[in-house]
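**Q** I have a structure here, written as structure tokens, and I will follow up with some questions on it.
The values are calculated or read from the model by the stated rules, or taken from the named source; none is laboratory data. Keep in mind the model is a prediction, meaning the values are calculated, not measured. Glycine also receives a Cβ, built like all others from the backbone with ideal geometry; neighbour counts cover every protein chain displayed.
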Amino acid sequence: MALPSASSLRDDLALGGRITAMRLAGLALAVRGDPVARLMHKPWRLDPYPTYAAIRGEGLARSRVGLSAVGTHALCEQVLRDRRFGVRLADGRPPFAPEAETKQTGEHADRGARPSDDAEASLLEPVDLSLLGMDPPDHTRLRRLAAPTFAPRRLQQYRAIAEEVTAGLLDDAAVRGRFDLVRDLAAPLPITVIARLLAIPSVDADRFARWGRALATALDGVRSVSHAHELARTTAEARELFTDLVDRRRADPGDDVVSGLVEALDAGQMSLDELVSLAQLLLVAGFETTTNLVGNAVRAMQATPGQWEALVEDPTLAAGAVEETLRYDPPVQLTARIAHEETELAGVTFRRNWGVLVLIAAAGRDPQAHPDPDRFDLRREQTTPHLAFSGGAHYCLGAALARLEGEVALRMLAERMPGLRPTGRAVPKTATILRGPRTFPVAA
Ligand code: HEM
């Protein structure tokens, strides 16, 4: 094994010091009651709903972590749809760009943790999230090229795959009797669907799942130097596989998503880097999210008297259970936007390059949008559409696929295992952005 050079050790120490300082500063703010800081720290983030309620009550919650937050349905929707907000800085640079113009004055604090150079910025943002990190015009161009992945014709194929995969997983689980809902159903279902969608050879499937899990942790930001290096390693490995896949599809095109994108690449409509990042995004965006949807749905139904029994009695309610879960306990709890020009938000002058967290999960519990919002009811008629798939330019491209997978998993689970019951506690993941159980022991 090669020994790290003195300069890379120095860089690691500097980055480690900065990350530790950021975390300690955030924790201190959380202890003092800063609601935005509480979203990022234990124990508060394990049950973020009381914090969401506090933030909703404030309209625009301002925080000394350098970000504001909105949590009412109306304000969340407003920010997501407003073209004056983007995901990069106003001049097109990424949010962690060196010398970023992110100073928030007055009641907003300075971000206080700006990376000092490009190398550090790339360690703090090691994963290129493709569309999720792009603004127009690049976002518009790339999104148009990615859209055929989710065309209705393809969705029919994905349904057949989801049903076949779920049947196989439930057969195996039924033999065992006791199983882990996450490990044995909610995780392998979406990973197998995405692997088929991208036509990943089955020999690579395990590595693929490992990368998906590792890359998803990047959404919450870098936790430590070793986490930064793990992400950089995983990205490099995933990029190698996807680059190789592009070569193979070019030599032997099929009816899969990558073959379609290679055509766009060869027509000069996108770069190889963009194609590889997009494939990586499909892995990250479509895996943990759907896993959490199935896990959160079963957990909510099992915890609310009569709900699982209602689904067993009428499995066609599975689609309703999916929608109610997306409102009540969504897999993606929040996203963020940056103002590209000075604008008014909840009566506050919001300056150029100020960042705002959009609390999707808080919007789902807003009593102004959803009557009796803390009650899970799979028969609920949602008069106000939830924001679980975001809104505006970045509305989830895989929403129809996610709904389909969730509906298939819940319907087949209720049909085949009507007596399903938990045999232990669902242990939550400790992330801020993605919420769902890490393990959930059940018996058929
Ligand atoms: C229940 C499951 C899912 C949830 C809750 C979810 C949620 C979201 C959210 C909230 C965003 C937008 C984030 C933002 O506005 O900043 C998003 C974007 C996206 N999602 Fe999903 N997603 C799910 C499943 C999937 C699946 C299965 C795929 C594809 C395999 C997928 C692909 C994408 C892509 C490509 C984007 C980027 C769109 C853009 O930036 O224009 N998602 N998703």
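**Q** For the stretch 155-184, give me each residue that is closer than 20 Å to Val284 by Cβ, under 22 Å from the mean Cα position of the chain (by Cα) and among the aliphatic types (A, V, I, L, M).
**A** Ala162, Val182
**Q** Return the only residue of Leu326, Leu283, Leu317, Leu311 being buried (at least 23 other Cβ atoms within 10 Å of the Cβ), closer than 30 Å to Val427 by Cα and more than 23 Å from the chain's Cα centre (by Cα).
**A** Step by step, each of Leu326, Leu283, Leu317, Leu311 is checked, and only Leu311 is buried (at least 23 other Cβ atoms within 10 Å of the Cβ), closer than 30 Å to Val427 by Cα and more than 23 Å from the chain's Cα centre (by Cα).
To keep it simple, each residue is scored yes or no on (1) within 9 Å of the ligand (Cβ to nearest atom); (2) of a type in the set (Phe, Trp, Tyr); (3) closer than 17 Å to Ala160 by Cβ; (4) not in a loop (DSSP other than H, G, I, E, B).
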position	(1), (2), (3), (4)
Ala393	yes, no, no, yes
Ala402	yes, no, yes, yes
Glu405	yes, no, yes, yes
Val408	no, no, yes, yes
Leu413	no, no, no, yes
Arg425	no, no, no, no
Arg438	no, no, no, yes
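**Q** Within the stretch 48-61, track down each residue that is over 25 Å from Pro428 (Cα atoms) and surrounded by 22 or more Cβ atoms within 10 Å (Cβ to Cβ).
**A** Ala61
**Q** Consider the stretch 60-92. How many of its residues are over 24 Å from Tyr395 (Cβ atoms) and either out of contact with any helix residue (DSSP H, G or I) (no Cβ under 7 Å at 6 or more places or on another chain) or within 16 Å of the ligand (Cβ to nearest atom) (or both)?
**A** Summing the residues that are over 24 Å from Tyr395 (Cβ atoms) and either out of contact with any helix residue (DSSP H, G or I) (no Cβ under 7 Å at 6 or more places or on another chain) or within 16 Å of the ligand (Cβ to nearest atom) (or both) in the stretch 60-92 gives 3.
**Q** Would you say Ala388 is in a loop (DSSP other than H, G, I, E, B) and in contact with a helix residue (DSSP H, G or I) (Cβ under 7 Å, 6 or more places away or on another chain)?
**A** The answer is yes for Ala388.
**Q** Go through the stretch 337-355 and give me each residue that's within 16 Å of the ligand (Cβ to nearest atom) and in contact with a Gly (Cβ under 6 Å, 6 or more places away or on another chain).
**A** Passing the criteria: Ile338, His340.
**Q** Mind checking whether some residue in the stretch 367-377 is outside any loop (DSSP other than H, G, I, E, B) and away from the ligand (no atom under 15 Å from the Cβ)?
**A** The answer is no; no qualifying residue exists.
**Q** List the number of the failed condition for Leu278; all other conditions in (1) away from the ligand (no atom under 15 Å from the Cβ); (2) under 19 Å from the mean Cα position of the chain (by Cα) hold.
**A** (1)
**Q** Please identify the pairs in which a residue from the stretch 274-286 that is closer than 9 Å to Ser130 by Cα and basic (Lys, Arg) has its Cβ atom under 9 Å from the Cβ atom of a residue that is more than 8 Å from the ligand (Cβ to nearest atom) and part of a helix (DSSP H, G or I), counting only partners at least 6 apart or on another chain.
**A** none
**Q** Something else about it: Considering only the stretch 143-183, state which residues are charged (D, E, K, R), touching a strand residue (DSSP E or B) at 6+ places or on another chain (Cβ under 9 Å) and touching a residue at least 24 places away in the same chain (Cβ under 8 Å).
**A** Arg178, Asp180, Arg183
**Q** Would you list the helices (runs of 4 or more DSSP H) that sit entirely within the stretch 1-72 and hold 1 or more residues that are modelled with pLDDT under 80?
**A** Correct list: 6-31.
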